[in-house]
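Note sheet for the following structure.
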Amino acid sequence: MAGAIIPEIMDKPLDEIVVKNVKDKQVEYELILQGLNNYEKAHCQRWWISYSDYVTWDDYKKKGYQHLAEVVKEVQDHVLKVTGKPVQLKLAFMPTEIARTSPFFPMGRAEKTNRPVYNDFVIKNNWGTITISGKKLSIQDESVLLSILFLVKKYKADKFSTDYAELCQIMGIERGTSQYRSIEEGLTRLAKAVVETKLFDTANLEKCDVIRSITGAILSNVDQKPKSTKVDITVNPYFLALYGANMTTGIDLDKRAKLKGDVSKALYRFLETHTGGGIPYGLATLVLALNLNAEQPLTELRRTIRKALAELQKNEIIKRWKMDKKDLFHIFR
């Protein structure tokens, strides 16, 4: 009942009640600390000081020991430091591991119509492995995900409401019935696909020592009403744990929207995980990173990557590139 006073505290001074609540929270905090190692204790202390009023310890830990608002600020500060400009671009931030070891494939129209269904399908490259169960995900599905991650950054929340018109605007595509249907289907695939990410120790990649393994669907929940373009989306905490671990790659959605080829978009995403330029990438490395069909003839694989690089250069995403006789691609940013 509104305005009712709990009998146990009716006759107690307000300052005594507040002190008791603070003491209870302190006891709870000390109990949490008892079961933690030194690494976790440092994060727990930071949570207690800055975020305990806004998020539980379990949720804070689950999301990579960072509150999402803090993650967004750190990313914005990083962009300002690197570029000298505040974040004004239409940027979506994708976990670097997903940008390098990706569950998204360049797919033709025929394959999209009749998609394979994977059961523990393994993708492996130099940085880790991804095991996928569910319908095969396309570069178009990645476009839907990037628009969602843009909204995560915008709203500083893992749950929000949007509509297909807004998603089309973020993706840089025309609005229409077919586009809306494509987005709806993409959201369903992202919610149903289960992805297990195993990350290798980058200090010694040859051993392929796994330092982290996270499993889950990318989207926890998609609430869509029939004959409505509105949708409520919840991003899975497992995915935000990677997002919140300060290992993010910024994708300029306006630049990406200008690219026509699926392979070009995949290559742009992959290159954004690396700084500098001129470092050669082997043909095999790019084939695996871009999820190309490795059973194609080498001449076709070379042609596909050269075509993608030419489009990136045309759109001024890279300055220049060259391929040497050893099938090494030298790419200058």
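The values are calculated or read from the model by the stated rules, or taken from the named source; none is laboratory data. On a predicted model such as this, the values are computed, not experimentally measured, just so you know. Every residue, glycine among them, receives a Cβ derived from its backbone with ideal geometry; neighbour counts consider all protein chains shown.
Got at least one residue in segment 104-115 being outside the structural domain of LEU301 (by TED's automatic domain parsing), within 15 Å of ASN291 (Cα to Cα), of a type in the set (Gly, Ala, Ser) and crowded, with 20+ Cβ neighbours inside 10 Å?
No, segment 104-115 has no match at all.
Kindly indicate which of SER178, SER161, SER182, SER147 is among the small types (Gly, Ala, Ser) and part of a strand (DSSP E or B).
SER161
Inspect all residues belonging to segment 85-92 and state whether any of them is surrounded by 14 or more Cβ atoms within 10 Å (Cβ to Cβ) and modelled with pLDDT of 90 or more.
There is no residue in segment 85-92 that is surrounded by 14 or more Cβ atoms within 10 Å (Cβ to Cβ) and modelled with pLDDT of 90 or more.
Has segment 268-287 got any residue that is more than 19 Å from the chain's Cα centre (by Cα), under 18 Å from SER102 (Cα atoms) and β-branched (Val, Ile, Thr)?
Yes, segment 268-287 has at least one match.
Which helices (runs of 4 or more DSSP H) sit wholly inside segment 218-300 and have at least 1 residues that are more than 21 Å from LYS159 (Cα to Cα) and modelled with pLDDT of 90 or more?
253-258, 262-271, 283-289
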